[in-house]
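Below: one structure, written as structure tokens.
The values are calculated or read from the model by the stated rules, or taken from the named source; none is laboratory data. Here the structure is a predicted model, which is why all the values come from computation and not from measurement. All Cβ positions, even for glycine, are placed from backbone atoms using ideal geometry, and neighbour counts span all protein chains on display. In case anyone asks, the SASA skips ligands and DNA or RNA and just uses the protein heavy atoms, side chains included. Shrake-Rupley method; radii C 1.70, N 1.55, O 1.52, S 1.80 Å.
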Amino acid sequence: MRIYNSYKDQVEEFIPIHENQVNMYVCGPTVYNYIHIGNARPVIFFDTVRRFFEAKGYHVKFVSNFTDVDDKIIQKAKDDHLDEMVVANHYIDAFLKDLEGLNCKTDYIKPRVTHYMGHIENFIKELVDKGYAYTIHGDVYFRVEKIKDYGILSNRQIEDLKSGARIDINPDKESPLDFTLWKKTTEGLNFESPFSKGRPGWHTECVAMIDDVFGEKIDIHGGGADLKFPHHENEIAQSKALHNHGLANYWMHNGRVSIKDTKMSKSLGNVILVKDVEDKMPLRYFLLSTHYRSPLNYDDEGFQMYVKEFEKLESSLKQLFRKLDLQDQIKQVDIENHEIKQILKDFDDALEEDFNTANAITALQSLLKVINVSIRKKESNDYYNQLNQAAHYMIGILGLKVKLEPMSQNDREMYHQWELARKNKDFKLADQLRNELTERGIL
RNA sequence: GGACCCUUAGCCAAGUGGUAAGGCACGGGACUGCAACUCCCUCACCGCCGGUUCAAAUCCGGCAGGGUCCUCCA
């Protein structure tokens, strides 16, 4: 397994800290709105990463947070005349529903900031005690310049950052680079702390929760490329200050999604929400069709291509399944066929090389071709089962769900009547039965 | 202004030194009671100009166009 490590800007062999175990953390949503397809990209991608690791026999401890205290939530609560926690809970539920629609696993560890206040406080306190942070007027800031190699992840020099820094209106900070660990405020949801009544800074939440949930350096930390700076850079800085390590061995960042070659943003009004996309599986297919590090552009016409592709996948697998199902012959077999084995190998090879889902999909497509050819021929049930199993292995890792229900006795009879009608050239009856079978999702 | 990235057929998209995967669309065939599905065939001087090399889409330099980050952002 090889992974492109953003921290070093190179592809590296993946070596887990603990054998057969992968500890990974992905920055989760701030729950003040429904997620859009750009948010869905890391969600789907890292779910696929998890699935592949699991398929390869790793135990994956997958953690992704909910930021449920934030200025944007306060604003949203004001706008909607609701309690902040009501807002947060609503969008957490909506997020999980979107996840299910996208066929992402939801059985992962989901720390919420509001449940970790004690730990976050202690974390900040320790930073202060060690001299890496300072309090002033109730606010707490991190001393960035105490971290000597600050900027490695995002490839920035401290000097450049200083000269490029916007005019800082906050004279309390020792340096414009310093970032907030604790913000004194009584507006919105706030918490008592030794520093002041207030809220934690976003950059400290993730690292404090990782600290508590894992209690050690983790294998993989993931998120969108735009989180590299300053968010992830600041997480690393805090971890170095407190634990003398860079938080994660491998940093993975996915590219952005744009819409019709334009940045997706609420002010431009070109946001596509996941909940509004009818074709959830084609969306997943689409988002995996480009390598995760490349930028991805969405437009309706292009997307139709993937809707069609997914339908093709669905119909081929359905026909194969039906062939076996009609004879009650679906069973576990050993995959021995050379061609199928080669395709499986191509699939695994693609994913093992920095999760190249685009090439993995190509392998899936070549299996589909083999399936389609075989369906027209008379092949053994054993061979069909090998194909079926290989296909399900692949779509299981890619997380592409295809509805395949075994036929009822009634369905079977109807199917046989249809065949009989065609044989007897009773095309009127045959067409009628065909329509019925199609409606029932059999054909 | 500073940092970085991208440019492969009509469209989407792999490929990071050995002579262009795959998909969609188009065109030509096949199969079929009619459809749908499916199958076969066809379809690229890798943005432009130089350089390095026996060999470059792949490395280096320049130019053009596009984008991201530097501020909340997945």
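List of remarks:
- Selection of segment A:255-269 for residues being open to solvent by less than 100 Å² (accessible area, probe 1.4 Å) and more than 6 Å from RNA strand B (Cβ to nearest atom) yields A:G255, A:S258, A:I259, A:T262, A:S265, A:G269.
- When residues of segment A:83-103 are limited to those that are in a loop (DSSP other than H, G, I, E, B) and touching a Lys or Arg at 6+ places or on another chain (Cβ under 8 Å), the one surrounded by the fewest Cβ atoms within 10 Å (Cβ to Cβ): A:N103
- The residues of segment A:295-306 that are near RNA strand B (Cβ under 10 Å from one of its atoms) and either free of Cβ contacts under 8 Å to residues at least 40 places away in the same chain or surrounded by 13 or more Cβ atoms within 10 Å (Cβ to Cβ) (or both), listed by number, are A:L296, A:N297, A:Y298, A:E301, A:G302, A:F303, A:Q304, A:M305, A:Y306.
- For the condition at pLDDT 95 or above and open to solvent by less than 70 Å² (accessible area, probe 1.4 Å), A:T357 qualifies.
- Only one of A:K345, A:K369 that is near RNA strand B (Cβ under 9 Å from one of its atoms), modelled with pLDDT of 95 or more and of a type in the set (K, R): A:K369
- The condition of being assigned by TED's automatic domain parsing to the domain that holds A:H291, over 32 Å from the mean Cα position of the chain (by Cα), more than 10 Å from RNA strand B (Cβ to nearest atom) and not small (G, A, S) does not hold for A:T204.
- The residue pairs whose first member lies in segment A:92-115 and is in contact (Cβ under 8 Å) with a residue 60 or more places away in the chain, whose second member is open to solvent by 30 Å² or more (accessible area, probe 1.4 Å) and of a type in the set (S, T, Y), and whose beta carbons are closer than 6 Å, counting only pairs six or more residues apart or on different chains, are A:A94/A:Y34.
- Single residue of segment A:104-157 satisfying the filter (aromatic (F, W, Y) and not in a loop (DSSP other than H, G, I, E, B)) that is surrounded by the fewest Cβ atoms within 10 Å (Cβ to Cβ): A:Y134
Conditions tested, residue by residue: (1) within 9 Å of RNA strand B (Cβ to nearest atom); (2) more than 26 Å from A:T204 (Cα to Cα); (3) not assigned by TED's automatic domain parsing to the domain that holds A:A358.
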| position | (1), (2), (3) |
| --- | --- |
| A:A225 | yes, no, yes |
| A:E233 | no, no, yes |
| A:K240 | no, no, yes |
| A:N244 | no, no, yes |
| A:P282 | no, yes, yes |
| A:R293 | yes, no, yes |
| A:K308 | yes, yes, no |
| A:D328 | no, yes, no |
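- Candidate set: segment A:228-252, residues that are buried (at least 22 other Cβ atoms within 10 Å of the Cβ) and more than 23 Å from A:H119 (Cα to Cα); chosen: the one farthest from the chain's Cα centre (by Cα): A:W251
- Residue match in segment A:71-94 (condition: in contact with a strand residue (DSSP E or B) (Cβ under 7 Å, 6 or more places away or on another chain) and under 29 Å from A:D346 (Cα atoms)): no
- Among (1) in a helix (DSSP H, G or I); (2) more than 10 Å from RNA strand B (Cβ to nearest atom); (3) among the acidic types (D, E) - the single one A:D334 does not satisfy: (1)
- Listed by position, the helices (runs of 4 or more DSSP H) inside segment A:337-443 whose residues that are polar (S, T, N, Q) number at least 3 are A:357-376, A:381-398, A:409-423, A:427-439.
- Restricting segment A:373-408 to residues that are among the small types (G, A, S), farther than 23 Å from A:S289 by Cβ and open to solvent by 20 Å² or more (accessible area, probe 1.4 Å), the residue that is modelled with the highest pLDDT: A:S380
- A:L161 within 16 Å of RNA strand B (Cβ to nearest atom), open to solvent by less than 70 Å² (accessible area, probe 1.4 Å) and over 25 Å from A:G28 (Cα atoms): yes
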